[in-house]
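The structure appears right after this line, and notes come after that.
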There are 2 protein chains.
Amino acid sequence: MAAAIPHGTDAVLERVLIIGTGLIGTSIALALRERGIEVLLADRDPEAARVAADMGAGVPAPATPDEPADLAVLAVPPPAVAAALLDAQKSGAAQVYTDVASVKGLPLAQAAELGCDLAVFAGGHPLGGRERSGPLAARPGLFLGRPWVLCPTAESTEAVVASAAALALACGANPVTMDAVEHDRAVALISHAPHVVASAMAARFTAGPERALALAGQGARDVTRIAGGDPRLWHGILAANAQPVADVIDAVARDLAAAAAGLRAAAGGVAAGGAEPGGVGAARDTLDLLARGAAGHGRIPGKHGGPATRHAVVPVLAADRPGELALIVQAAGVAGINIEDVLIEHSQGRSVGVVELAVAPESARRLIEELRARGWSVPVAPA
Amino acid sequence: MAAAIPHGTDAVLERVLIIGTGLIGTSIALALRERGIEVLLADRDPEAARVAADMGAGVPAPATPDEPADLAVLAVPPPAVAAALLDAQKSGAAQVYTDVASVKGLPLAQAAELGCDLAVFAGGHPLGGRERSGPLAARPGLFLGRPWVLCPTAESTEAVVASAAALALACGANPVTMDAVEHDRAVALISHAPHVVASAMAARFTAGPERALALAGQGARDVTRIAGGDPRLWHGILAANAQPVADVIDAVARDLAAAAAGLRAAAGGVAAGGAEPGGVGAARDTLDLLARGAAGHGRIPGKHGGPATRHAVVPVLAADRPGELALIVQAAGVAGINIEDVLIEHSQGRSVGVVELAVAPESARRLIEELRARGWSVPVAPA
């Protein structure tokens, strides 16, 4: 059952202890169970461990372990990692230990301070998640194809690194090794700062009039989607990665203040210039910011983890009723065309909507013909 | 062919002139054609009008009009509206005029300054769009179920208001009346400022190392999606609505600067407080910002335009191959369950992915049973 792992050793994962059965811990447990690995579940809230067990994620761990597990996974928020590691090591819970917190530097420093045995610890961070939290939101495929950063230290034994990598592979993730500093800066940029920025934009919506909010569409929804996450959980993450996150959001704040000054100046209001607080960027044009934004957006990898893939999007006018979508995608399936993504635009109080099918560009023409032949309206230009 | 319209009059839309055949103008033209309304197409770039005509959006307008159209639609960027209106009125292009620019105050002021006949003009703004621009991205359903703001002035005749409303209804949109000031503040909040905020976040990605960007996932993609729009087009929009947009992004910048100061203070760095530029909000806790963000996010209406609807999401493990999605949604259709949304999570280099089906909460249990009965793995807890 053990997955093949790097480093030339064979890490045996036959029995894994999950400490913390929230979204991440339970998702890992479910993935391990799909591979037939024995999973023990522990949570400071016994009801959460019970729910995870009921979902088929494993069995509740006994109060005192019979024998150490092959690996213990600390699936607790960043501020709780060090204490959980100390507790687990004191009770001899496992042979080696890893965690899954989205911050790596501070928990490590705290663990060292508490006197944990860092030789048998290698931190990890699977890059997957969702706005919903708790075991009920868990799913075994949460980390499929996603990066899983491993942050071993110079002290970490080969055995713990191999076990942590085997865990990542067992969950279908791609292990990547970084040191804690590089990791924390990276996630500040691509995850933590975007969360604060989304929150700061969404916070403006608390004061807006109902009639204004009623005009909001997919753009406003997308920009602020992650702001729907649990504020307490996220506050803990941000506080544990404070400096790198502050650096990024300070830079965003400066660019926004400069853009506002530029817009006011263009509107003939107060002049932008050296008097701007922070003194940075007031001369930078809003157009320049928009151009940098478009360039930066283009650097985000696509869903498949590689460089952003360009799909052709085929729109279809479809009745908003059960079975209609099935008929449409069935037509694609019959033609041997793989649908990469589906976007359904409903229409308020109407019986028709637009279904957009993303397919490989070379398949688009064939899909359009197939759908038109079956009577659907596909409003695109002829080739 | 004329749609029913408010104001108790019957506006006849038999012949409409579209001036500007980009995304918005061509989408309107396609919607009108679907209702059998005659459409004349004009663009300062004859090739763009040609493409729109080839898409079935109408016929190129003659250089000098035979007789005035019932309505001319100025589908040009905000800074170009007033001049286009003057030109059209000089040539007697139509009996009444509307526009579709996303800013309403400045074009109106400019039109008054140029001496346009404002009695036969009523501004409009359909709240729909996409990142792609140009006639090829157009589709007749772009405004289905979306709000379409009408901004008549005290000068506007009943006839022009009725015609503009009839246009909105013919495109499947919901006409809403506001004055220009209220409109411009509303779109600054829910559209223009989010665009700048997304750009400012995405601009950070221009400098990030490749290994950091490789960790980015759906969160980073969503926050910055609209930053992929055309910088020049957006710069024109922002400049035309400068003051309201600057007010919102200044407030966002202050919240971000305060959050950064709060994080640095929590990390034991420099203290946050009165010395912070702007002097506002440094005392506000990051947690408070996150909580306000979650609350504001919750105020965005759902896809259907009403209050955000809660759907149940049913995850299914599915093979990544043609026909698989068809079989899954077919199973839902057979059970009479309407699928509200589909999210496909691919996995890099693997043959399995997760398909998430959003359905009405009361249908979830039945869908899960249906799918499991047909052999799919549906990783959710038993009820």
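The values are calculated or read from the model by the stated rules, or taken from the named source; none is laboratory data. Bear in mind that the values here come from a model prediction, so they are computed numbers and not experimental data. Neighbour counts run over all protein chains shown; Cβ positions are idealised from the backbone, glycine included.
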Checklist entry - In the range A:78-107, what count of residues is obtained for those that are part of a helix (DSSP H, G or I), touching a Phe, Trp or Tyr at 6+ places or on another chain (Cβ under 8 Å) and touching a residue at least 60 places away in the same chain (Cβ under 8 Å)? => result 1
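Scan B:ALA188, B:ALA173, B:ALA168 and give me the residue that is touching a Pro at 6+ places or on another chain (Cβ under 6 Å) and at pLDDT below 95. Don't jump to the end; show me each part of the working.
On the way: B:ALA188 fails: at pLDDT below 95; B:ALA168 fails: at pLDDT below 95.
Step by step, each of B:ALA188, B:ALA173, B:ALA168 is checked, and only B:ALA173 is touching a Pro at 6+ places or on another chain (Cβ under 6 Å) and at pLDDT below 95.
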Item to check | Unique residue being at negative phi and either surrounded by 24 or more Cβ atoms within 10 Å (Cβ to Cβ) or touching a residue at least 24 places away in the same chain (Cβ under 8 Å) (or both) when the list is B:ALA212, B:ALA154, B:ALA164 | outcome: B:ALA164
Item to check | Residue, nearest to A:ALA294 (Cα to Cα), within the range B:205-228, restricted to residues that are at pLDDT below 90 and more than 7 Å from chain A (Cβ to nearest Cβ) | outcome: B:ALA207
Item to check | Tally of residues being of a type outside the set (A, V, I, L, M, F, W, C) and within 11 Å of chain A (Cβ to nearest Cβ) across the range B:106-150 | outcome: 15
Checklist entry - Can you find even one residue in the range A:133-153 that is modelled with pLDDT of 95 or more, farther than 30 Å from B:ALA312 by Cβ and of a type in the set (Phe, Trp, Tyr)? => result no
Next on the checklist: For the range A:229-239: of the residues being of a type in the set (A, V, I, L, M) and at the interface with chain B (Cβ under 7 Å from one of its Cβ atoms), which is surrounded by the fewest Cβ atoms within 10 Å (Cβ to Cβ)?
Outcome noted: A:ALA239
Item to check | So B:GLY219, is it in a loop (DSSP other than H, G, I, E, B) and of a type in the set (Gly, Ala, Ser) | outcome: no
Checklist entry - From A:ALA180, A:ALA207, which residue is touching a residue at least 40 places away in the same chain (Cβ under 8 Å) and farther than 14 Å from B:LEU256 by Cα? => result A:ALA180
Checklist entry - Can you spot a residue in the range A:200-210 that is within 28 Å of A:ARG15 (Cβ to Cβ), touching a Gly at 6+ places or on another chain (Cβ under 8 Å) and aliphatic (A, V, I, L, M)? => result no
Checklist outcome for this item: The residue from A:ALA261, A:ALA202, A:ALA246 that alone is in a helix (DSSP H, G or I), buried (at least 24 other Cβ atoms within 10 Å of the Cβ) and more than 7 Å from chain B (Cβ to nearest Cβ) is A:ALA261
Checklist entry - Looking at the range A:38-45, is at least one residue at pLDDT 95 or above and assigned to a helix (DSSP H, G or I)? => result no
Checklist entry - Would you pick out the residues in the range B:176-195 that are part of a helix (DSSP H, G or I) and β-branched (Val, Ile, Thr)? => result B:VAL181, B:VAL187, B:ILE190
